[in-house]
1. Lys/Arg Cβ at +1, Asp/Glu Cβ at -1, dipole of the chain taken about the Cα centre: which of 75, 98, 260 is farthest positive-ward?
2. If you place +1 on the Cβ of every Lys and Arg and -1 on the Cβ of every Asp and Glu, how big does the dipole about the Cα centre of region 173-244 come out, in debye to the nearest 20?
3. Round to a whole number: what % of the accessible area of region 1-64 belongs to carbon and sulfur, probe 1.4 Å?
4. In terms of Cα to Cα distance under 23 Å, which lysines are near enough to residue 340, apart from those fewer than 8 places away along the same chain?
5. Averaged per residue, what accessible surface does region 53-204 expose to a 1.4 Å probe, in Å²?
6. Please give, to one decimal in nm, the separation of the simple spin-label points placed at residue 115 and residue 207, each 7 Å out from Cα toward the Cβ.
7. Order these peptides, 17-24, 80-87, 54-61, by their mean beta-carbon neighbour count within 10 angstrom, highest first.
8. Run down the aspartates and glutamates and flag those whose C-alpha is under 13 Å from the C-alpha of residue 343, throwing out any fewer than 8 positions away in its chain.
Amino acid sequence: MIRILFFAEAVTLAHVARCISIANKLHEQGKYYIGLASDARFDKVVGETSCQRIPLYSVSSEFFAKRLATGMPVYDVETLSKYVDEDVGIINQFHPDFIFGDFRLSLAISSKLTKIPYATITNAYWSPYANISYPVPELLLTRFFGVNFAQLLFDIVRPAVFKCHSLALNITCIKYGLQPFCCDMRDAYTHADYTLYSDIESLVPMHPLPKNHMFIGPVLWSVQVPLPDWWALIPDDRPIIFVSLGSSGDKKLLPLILQTTSRMPVTTICATASKSFSCDGYPNVFVSDFLPAEEVVEKANIVICNGGSPMVYQSLIKEKAVIGIPANLDQYLMMTITQKTGKGMLIRSGKLNATALENAINESLKIANQSSWIDESSLFSIEKIENIINEGVKEPLINSVFQ
């Protein structure tokens, strides 16, 4: 039986969820023994899994969010070295034939030290081959100088900033006797023997890709929780809006969003991700900590989210209109390319107000539930993953830059 080991960097739920989704589908094939190394912080949400669980240290989600908000590199050499040592220990104990990682940047080093083929799961807009522009996220620049001038400054400093974000990984490579490989942050985020883009290929314009970079389609996942008691009480005579800012969303935005929708002729369903909020006095707003996204998105006309790829793809595949309110660069990149499809609208979180949101909802209602433009061949299938595993196991490290 082929042994597969997943490493999920638990700074956000999305990285853990993608690994669990793929791991469960591989388990169903009956040909693999699977381990999942991950911090336990989201265990109450993800529930039981079909794979062996292995404890793994990740920096806190709060620390991660603060670093993104300031534009600072998330990891330093000390942290990455700690990660590499822990990775290697887990690999040597589990003895995998193949490794998958989601935002576990240290695996670019630890997989080479242990000579195990490694695939990273990422998004195509982080690829060095992505043919895209980079919108300025919510930083001090935008607060002090306004968006337009901040964008000009960001365009100037971005190459240097991206390079700065790669330095710690390069230094860590040298520390472990390997050649540095990063030119900038995009290399750090996507480097592996196999780079797997969890995206719809037609959505992200790309330069020609090397053979070991490939699209596998969006990896969808939904919280496995029962529907709340109020589910049967939701009226069906008005448009339904699903609000979910996710584990990394800014809870300060929720009051404005729900106050605005409560005044409109719509019904709002909100998943708060355990962020406390009272909706007393809002008869058309239904709130729960967590909800099964697949079922709620199916019921909704519009989805309001933080612009992160998991909820955006969940909505696009279900042919729903999306309003994204991003804060960090990952969310801005996803919503920028989504907006170009005509199925999504981007509202800067720093510019959110009731009027902008109400206008976006009214515009989105015009495009909600339109026919899909998504080619089914671009969706995720477990066969794509199995093909990669088979190639990696038969011809290990064929694409490694460290050979």
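The values are calculated or read from the model by the stated rules, or taken from the named source; none is laboratory data. As the structure is a computational prediction, the values presented were derived from the model and not from experiment. Every residue, glycine as well, gets a Cβ built from its backbone with ideal geometry; the counts of neighbours run over all protein chains shown. Each accessible area value is taken on the protein alone, full model and side chains, heavy atoms only, with ligands, DNA and RNA left out. Shrake-Rupley method; radii C 1.70, N 1.55, O 1.52, S 1.80 Å.
1. Of 75, 98, 260, it is 75.
2. Working: 4 positive and 8 negative charges, 67 e Å.
So the dipole magnitude of region 173-244 works out to roughly 320 debye.
3. Values: 1410 of 2600 Å².
Here it works out to 54 percent.
4. Counting by Cα, and skipping residues close in sequence, residue 340 has these lysines nearby: 318, 320, 351, 366.
5. Values: 6370 Å² over 152 residues.
Result: 42 Å² of accessible area for each residue.
6. So the two model labels end up 3.4 nm from each other.
7. Numbers: 17-24: 23.6, 80-87: 19.8, 54-61: 15.9.
Sorting 17-24, 80-87, 54-61 by mean packing, highest first, produces 17-24, 80-87, 54-61.
8. 319, 363
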